[in-house]
Structures are given as C-alpha cells and as structure tokens.
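All remarks here apply to the structure that follows.
The values are calculated or read from the model by the stated rules, or taken from the named source; none is laboratory data. All values reported here derive from a predicted model rather than from experimental measurement. Ideal geometry is used to build each Cβ from the backbone, glycine not excepted, and the neighbour counts take in all protein chains shown. Please note that ligands, DNA and RNA were not included when accessible areas were found on the heavy atoms of the full protein model with its side chains. Shrake-Rupley method; radii C 1.70, N 1.55, O 1.52, S 1.80 Å.
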Amino acid sequence: AVVVGGGQVGCETALWLKEKGCDVCIVESLDALISGKAEPVPQPNRDMLLELLLYHQIPAYTGTTVKEIT
C-alpha cells in the first residue's frame with residue numbers, strides 16, 4: 001500500500017496498515033514528515049510517530065510527488 005501524504009493522519013494510517021500485515025510506504029511532497037504546516041502537531045506526538053515508523057521499518061519518500069496511479 002502507498003499512503004499519499006505524510007502528515008499526522010498519513011503516518012498513523014501507515015502504522016495501522018503495517019500492524020494489519022500490509023507492506024506500506026509513505027509518499028510526502030514536503031521535505032519532512034509531520035511538518036505541522038497544515039495543522040500543528042505536538043512535538044512529543046511527532047517524535048513518537050517518527051520513532052514508530054523507524055521501528056516498523058516503514059519507508060518514507062519525502063520531497064516526492066505521485067504522478068500516476070495505475
């Protein structure tokens with residue numbers, strides 16, 4: 001599965017999918033995940049989500065856009 005968007009909701013969705021047994025990655029157009037530009041995310045929440053993504057080895061492609069879904 002590919003999660004398009006690496007904000008708080010996208011990262012939480014990727015973690016949920018991984019826990020359900022899916023192979024998952026995140027594609028984010030900004031240079032960082034959970035940047036808080038759309039809505040502020042408390043720093044402890046951001047840190048925890050980023051650590052969980054690393055722990056579960058979920059790849060994230062930042063500075064990247066999706067051009068086509070086939």
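In the set (1) in contact with a helix residue (DSSP H, G or I) (Cβ under 7 Å, 6 or more places away or on another chain); (2) at pLDDT 95 or above, D23 fails one condition alone, (1). Residues that are closer than 15 Å to A1 by Cβ and of a type in the set (F, W, Y) were ranked within the stretch 14-64; the one that is surrounded by the most Cβ atoms within 10 Å (Cβ to Cβ) is Y61. Scanning the stretch 2-13 for residues that are open to solvent by 70 Å² or more (accessible area, probe 1.4 Å) and without any contact (Cβ under 8 Å) to a residue 24 or more places away in the chain yields a single hit, V9.
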